[in-house]
Amino acid sequence: MPRAPRNAVGGQIYHCLNRANARVNIFERNQDYKLFEAILEEGVEQFSMRLLAYCILSNHWHLVLYPKKDGDLSAFMSWITNTHTKRWHAEHRTTGTGHIYQGRYKSFLCEKDNYFLTLARYVERNAKKANLVKKSEDWRWSSVWRRENGTEKQKKILSAWPVSKPQNYIQWLNSPQTKEEEDAIEHSIKKNIPFGKEGWTNDIIKKF
């Protein structure tokens, strides 16, 4: 399956992630997480980006984004990673000491429908899978916490999903995903390929 174009097409869903350089912890204190979430809020407003799901862990993060126009994803993600790097160094008084990320962010097209639901579930249960919380919605630094427990202002950062949530979503979220589902997403990440049915990206790729 072909890779997603870097100058990403608008109107498509993307799974984006980045990891800390040498996988060191760049999110250790509550302030570290709050700093990144504040940047997300600012970026969503500045670039009119639709943020569908996210989870921040100690040395990496996942975002599920739904850009409106061609090129919006690249502009948003570049701004997020560069701004976070600068502000993290300023906060930790380490300006000039190098990169905090291992490289450029990764982004993968995701097919709408059940593939999106599988991806959103994978992202929102990341902390539970890592045994950091008993319930996914208890992880403070995630979209599911914000959706379930946040204030109206905090919820504003999140956009409506392009497909309906399953009934009893929280119960479904906290149930283990199948090995096949997890393997398929991790294969997309490892191989840097879209997540969906074979061949569904052909028309999207042709646009570029």
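The values are calculated or read from the model by the stated rules, or taken from the named source; none is laboratory data. Source: prediction; values computed, not measured. As a convention, Cβ positions derive from the backbone with ideal geometry for all residues, glycine included, and neighbour counts pool all protein chains shown. These area figures cover heavy atoms from the full protein model, side chains too; ligands, DNA and RNA do not enter into them. Shrake-Rupley method; radii C 1.70, N 1.55, O 1.52, S 1.80 Å.
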> Give me the pairs: first residue in the range 39-51 and farther than 14 Å from Arg87 by Cα and open to solvent by 70 Å² or more (accessible area, probe 1.4 Å), second residue assigned to a helix (DSSP H, G or I) and of a type in the set (Phe, Trp, Tyr), beta-carbon distance under 8 Å, and six or more apart or on different chains, which are they?
Replying inline: Gln46/Trp79
>> Looking for something under 24 Å from Val9 (Cβ atoms), assigned to a helix (DSSP H, G or I) and of a type in the set (Phe, Trp, Tyr) - is there at least one such residue anywhere in the range 116-134?
In response: yes
> Could you give every pair whose Cβ atoms fall below 7 Å, whose first residue belongs to the range 120-139 and is under 17 Å from Lys179 (Cβ atoms), and whose second residue is hydroxyl-bearing (Ser, Thr, Tyr) and in a helix (DSSP H, G or I), counting only separations of at least 6 or pairs across chains?
Replying inline: Arg125/Ser136; Lys128/Ser136
>> If I ask for residues that are of a type in the set (Val, Ile, Thr) and either closer than 19 Å to Glu124 by Cα or surrounded by fewer than 13 Cβ atoms within 10 Å (Cβ to Cβ) (or both), which ones from the range 166-204 would you list?
In response: Ile170, Thr178, Ile185, Ile189
> Phe108: closer than 30 Å to Lys197 by Cβ, of a type in the set (Phe, Trp, Tyr), assigned to a strand (DSSP E or B) and touching a residue at least 60 places away in the same chain (Cβ under 8 Å), yes or no?
Replying inline: yes
> Any idea which residue in the range 54-79 is surrounded by the most Cβ atoms within 10 Å (Cβ to Cβ), counting only those that are in a loop (DSSP other than H, G, I, E, B) and in contact with a helix residue (DSSP H, G or I) (Cβ under 8 Å, 6 or more places away or on another chain)?
Replying inline: Pro67
> What residue, among those in the range 115-140 that are of a type in the set (S, T, N, Q) and over 18 Å from Phe195 (Cα atoms), is surrounded by the most Cβ atoms within 10 Å (Cβ to Cβ)?
Replying inline: Ser136
